[in-house]
Amino acid sequence: MIGRVRTGSCFRDSLNYCILDKRQVNSQEIAFKDRAEILYYHHCHGKLLTLNRQFQEVAHYRENISKPVMSISLSMPPGEPLPKSKLVELAKECAEHMDFAEKQYIVILHKDVAHQHIHIVA
């Protein structure tokens, strides 16, 4: 498994990338439709706009943090997919080990490349 952790300041951008259909570069043409599936919500719920609002409302209480967004991608080895329940378990273990298990986060499965991978936005 390969993991990547990024931080940022904009929940909307992270959520848009993870949830919306993939588009052609500099175009409105859809390159990959239905590429994302939300597998798990933790202390949040709803569609894109609702999620963005919920994350922003909570981040507002910690104004001293300039980059409140943590985005993690976990990629499985090619040819070794896991069932969705195991991916959620993996995300929960990641949240526990990285000390955000009690915070808001969402787990999204992407289906746009050959190897299976999930994104966690916290």
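Helix-only estimate, please: 222 nm mean residue ellipticity of the chain, summing -39500 (n - 2.57) across DSSP H runs of length 4 or more and dividing by its residues, to the nearest 500. When only DSSP H runs of four or more count, the value is -9000 deg cm²/dmol. Each label point was placed 7 Å from the Cα along the Cα-to-Cβ direction; for Ala59 and Ser75 their separation is 2.5 nm. Carbon and sulfur together cover what percent of the accessible area of the chain at a 1.4 Å probe radius? Of the solvent-accessible surface of the chain, carbon and sulfur hold 52 percent. Accessible surface area normalised per residue over the chain is 64 Å², counting heavy atoms of protein chains with a 1.4 Å rolling probe. May I ask for log10 I(q)/I(0) of the chain at q = 0.13, 0.14, 0.23 Å⁻¹, from a Debye sum over the Cα atoms as equal point scatterers with solvent left out? Values returned for q = 0.13, 0.14, 0.23 Å⁻¹ are -0.52, -0.60, -1.47. Full extension of the chain segment joining Leu82 with Lys47 gains 10.1 nm, where the gain is 0.36 nm per residue of separation less the Cα-Cα distance.
For the chain, the relative contact order works out to 36 percent when only alpha carbon pairs closer than 8 Å and six or more residues apart are counted.
The values are calculated or read from the model by the stated rules, or taken from the named source; none is laboratory data. Remember, predicted model here, so these are calculated numbers, not experimental data. Positions of Cβ are backbone-derived with ideal geometry, glycine not excepted, and every protein chain shown enters the neighbour counts. With ligands, DNA and RNA removed, areas are computed over all heavy atoms of the protein, side chains included. Shrake-Rupley method; radii C 1.70, N 1.55, O 1.52, S 1.80 Å.
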